[in-house]
Structure formats: structure tokens, C-alpha cells
Amino acid sequence: MDVVGLCGVVAMLGVWQAMSVHFGRVVPSPLTVANEMAKNFISAPTFRHYGIADAGYLDAILYTAGNVSMSMIAGGAAGIAFGLLTARRRLLRSALDPIFLTLGTIPIFIAAPFLLLWFGISRFSAVAIVAIYVATIVYAYSQRALYNLSPVYEQYAQTLGADDRRLFWDIMVPGTLPEILGGLRIALAGAWGLAAISELIGSQRGAGKVIQSLANSVDVKAIFCVLLLLGVVAAAIDALMALVISRVTAWNRAGGNDHE
């Protein structure tokens, strides 16, 4: 058990409770938020008054999680593919780097209207916004991962008779995997917030849509429920991904220790 982490959670709840005592109108207590979440977790009939589905907080979080998953798959695949492709090709890198750099610096509130104009208020628009962000992050990490991989390993493998397919699967993939997975984890951390924002701008479901609708009615405790649930799910998925990365790249740490 992570004692330090548990102490941090307890401290946060204590600060939250203290703030609710002094600012009760805008900061509901943890117990109030917990009761609200338990009451409307599966089904929330009151949501009908706000013009959103009454499926409850679970449906909203699952919808957002689905958008994040699709964005990570699409954006991650594009980022890895183009990153690895340009790492050893200077001309191609010079052509694509400005494009990805520009895409990565465009604020979501500027990109969103164009996607909504082109594709309408749909799930595809919300996923595309986040996928672009993920692709730019993973592109940089993938490119750097292969660029930093010493060509000596490939030369040794070629000396032993390895073809291009063996070079890719036996040298490039293992050699770049730790850094690429690190980039995916960083992209995932930001994808949750961007997914909620994209739903807030143009979506009929999801955590962002629920927050937007509840904000218009000044339902503070319900907004806290969505934010808390979104944060808990994001933290849990990040912890799970960290565990997977540590298991998948255990050989890399062991190799580094042996080298030392």
C-alpha cells in the first residue's frame, strides 16, 4: 500500500471538508457529493430538466472514456507510424515536422469550430480533436526514440544476417518501446481533459456535455460529481498503464542495472 499517497488523499479530503464549511454555497462537502453520486450514478431522472440523457454519471464517464480510447488508438497509431518513419529520413522529417508542430500549437478552442463545421456535432469531431493532440505528442516521442537508438545494434544484426523485417521486430520495436510508451502515457494524461472540453464544445453526451448543462443550472454538487469521477477514472487508468509499462519494459531496467 502506498502510505504517502493515502496520506495525500486524506489531506485533500480534509482541505475539501474545511473549504465546504467556509464556502458551502460553492464548495459542497465530500459527503454531499458522495450522496449525490450514489443517488444518480446509474440513472439520473433530474438530468432531463437540463436537456441531457438521464442515464446518470456512469454513462457520461463511459462515453468520455470511449472517446479517449478511440483518440488514443487513432492518434497513437498515426504518431508512432509517422514518428518512426521520419526518424532516419531527414528530408521527410523536414517536411512533416512543421506540420505536426503547427497542429500541436493550435488551441483546441480554435480547432474545434473548424471540425464542427466540417463534420457537424458528432462523436467523430470530438474524437478527432483529441486524436490530433495525441498524434503530435506521440509523434515527437516516437521520432526521438528511434533517432536515439544507436545504429550499432542494427549493424550487428545485419552482420548476423537479419533482414528488414527482423531488424524492425527484434531491434527497432524493443529499442523504442520504453520511450514510446512513456509518450503514450503523457498523451493519455492530457487526453481526458481535452475529451471533456471537446464534448463541452459540441456533443450530446459525455462528461463535458453534462458539466455544461449543469453549469447553466448552477448545480454545484453535480458538477463536483462529474469532475471527481473523471479525475478518479483518469488516475486509475494512468496507474494501470504505469503498471503495464513497468512490466513490459522490465527487461530495460534490468539491462540498465546490469550495465551499471
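Pull up the range 4-41, narrow it to residues that are farther than 19 Å from residue 211 by Cβ and outside any helix (DSSP H, G or I), then point me to the one that is least open to solvent (accessible area, probe 1.4 Å). Top of the filtered list is 29. Just the residues that are among the β-branched types (Val, Ile, Thr) and in a helix (DSSP H, G or I), please, taken from the range 228-249. 232, 233, 237, 244, 245, 248 - these are the residues of the range 228-249 that are among the β-branched types (Val, Ile, Thr) and in a helix (DSSP H, G or I). Which residue pairs have Cβ atoms closer than 9 Å, lie 6 or more positions apart in sequence or on different chains, and pair a first residue in the range 150-171 that is over 16 Å from residue 87 (Cβ atoms) with a second residue that is open to solvent by less than 60 Å² (accessible area, probe 1.4 Å) and not in a loop (DSSP other than H, G, I, E, B)? Partner pairs satisfying both residue conditions: 156/171; 157/167; 157/171; 158/167; 162/154; 162/171; 166/157; 170/157. For the range 11-64, residues that are β-branched (Val, Ile, Thr) and more than 28 Å from the chain's Cα centre (by Cα) total 4. Taking residues in the range 16-27 that are touching a residue at least 60 places away in the same chain (Cβ under 8 Å), and partners anywhere that are assigned to a helix (DSSP H, G or I) and of a type in the set (Ser, Thr, Tyr), the pairs with Cβ atoms closer than 6 Å and at least 6 places apart or on different chains are 27/20. On the stretch given as the range 186-206, residues that are surrounded by fewer than 16 Cβ atoms within 10 Å (Cβ to Cβ) and either over 14 Å from residue 137 (Cβ atoms) or of a type in the set (Lys, Arg) (or both) total 1. Cβ-Cβ contacts under 8 Å between residues 6 or more apart (or on different chains), taken from a first residue in the range 228-241 that is within 19 Å of residue 184 (Cα to Cα) to a second residue that is of a type in the set (Lys, Arg), are listed as 238/185; 241/185. Close Cβ contacts (under 8 Å, 6 or more residues apart or on different chains) running from residues in the range 49-62 that are closer than 14 Å to residue 39 by Cα and at pLDDT 75 or above to residues that are of a type in the set (S, T, N, Q) and surrounded by 19 or more Cβ atoms within 10 Å (Cβ to Cβ) comprise 56/40; 57/40. In the range 213-227, the residues that are in a helix (DSSP H, G or I) form Cβ pairs under 8 Å with partners that are open to solvent by 50 Å² or more (accessible area, probe 1.4 Å) and at pLDDT 90 or above, at six or more places apart or across chains, as follows: 221/32. Entry remark, the range 42-57: residues being open to solvent by 90 Å² or more (accessible area, probe 1.4 Å) and in a loop (DSSP other than H, G, I, E, B) number 1 in total.
Here residue 253 passes the criteria (1) open to solvent by 80 Å² or more (accessible area, probe 1.4 Å); (2) modelled with pLDDT of 90 or more except the one numbered (2).
The values are calculated or read from the model by the stated rules, or taken from the named source; none is laboratory data. What you are looking at is a predicted structure, and each value in this text was computed from that prediction instead of being measured. All Cβ positions, glycine included, derive from the backbone under ideal geometry; neighbour counts span all protein chains shown. Only protein heavy atoms, including side chains, enter the accessible area calculation; ligands, DNA and RNA are left aside. Shrake-Rupley method; radii C 1.70, N 1.55, O 1.52, S 1.80 Å.
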